[in-house]
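Notes to accompany the following structure.
The values are calculated or read from the model by the stated rules, or taken from the named source; none is laboratory data. Only a predicted model underlies this, so the values are computations on that prediction, with no experimental measurement involved. Cβ coordinates were reconstructed from backbone atoms using ideal geometry, including for glycine residues, and neighbour counts include every protein chain displayed.
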Amino acid sequence: MFKHIFLSISALCMLAFAACTNKEADTVSLNYATFNIRYDNPEDSLNNWKYRKDSVAAFITAHNLDIVGCQEVLYHQLTDLQERLPDYGYVGVCRDDGDRAGEAAPIFYKKDRFEVLANSTFWLSQYPDSVGFIGWDGACCRIATWAKLRERKSGRIFMAVNTHFDHVGTEARRKAALLIIDSIRSIVGEEPAILTGDFNVNDESEAYKTITTNEFVLNDAFKTAEEREGVTWTFHDWGKIPEDECEKIDFIFVTSGISVKKALIPHPGTGPTGYLSDHNPHIAQLEF
């Protein structure tokens, strides 16, 4: 009898250990980033894309980013990054024609680590499926790109959303925030979701408050991080803005089940060709 009791206890201990081990194995840790790379503008002179493309790709590789949402990406910039980042796939289309015209907001991801289950791009407007439509009081058409991803090792499913809000329309930004929240809820429900982007406004804006105080709350990864490193701002306009006047307009937002271990906004380079962009990239170490 004692032998059977001992075996039963041993079996229970093994099951408990296996449960703990599986729980640890199911935990997903991500190096995640948002990065406005600046569109290829000839007027940028020595800060032009042709002088920065290698450095931008090298930054993504050096920081071992698992997923990065980029903004202001023209089609030839997209192909430049593809060539330099062979381990990454991407989803996303350009906003003017739903193909190659205008800026894209692509999501790059490590191909060996993630499987794309579904993805699409929608327009931030009253008619999300209308290609090139300018929404509400916006100055130009704006988009959000999303991907439903499965982490191959754990099987965990989560959603990545990347966007670039309008730089003029207050109503356009607020309605865009609500549209994205509704999209997250309808596509993945209670599964983890991460929203990245250049929101063209700071944390005092109506759009920011819409995102962070909605019934379906998205948390600011920088503010909720257990550890923060680097500067507290993202837009510097090639160093033309004094640091004490620079603002953080690029954000990573996460749903409540995601913990933020660390947030990093590296200090920009200096001088012509020393800058990665006119924005700082923003990195967060996420876990769920």
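Details
- Matching residues, the range 86-108, being surrounded by fewer than 20 Cβ atoms within 10 Å (Cβ to Cβ), over 19 Å from ARG142 (Cα atoms) and touching a residue at least 12 places away in the same chain (Cβ under 8 Å): ASP87, GLY89
- When the range 141-175 is limited to residues that are over 30 Å from ARG113 (Cα atoms) and touching a residue at least 40 places away in the same chain (Cβ under 8 Å), the one that is surrounded by the most Cβ atoms within 10 Å (Cβ to Cβ) turns out to be ASP166.
- Yes/no for GLU83 being among the acidic types (Asp, Glu) and under 19 Å from ARG142 (Cα atoms): no
- Being surrounded by fewer than 16 Cβ atoms within 10 Å (Cβ to Cβ), modelled with pLDDT of 95 or more and under 17 Å from ILE283 (Cβ atoms) is a description that does not apply to ASN41.
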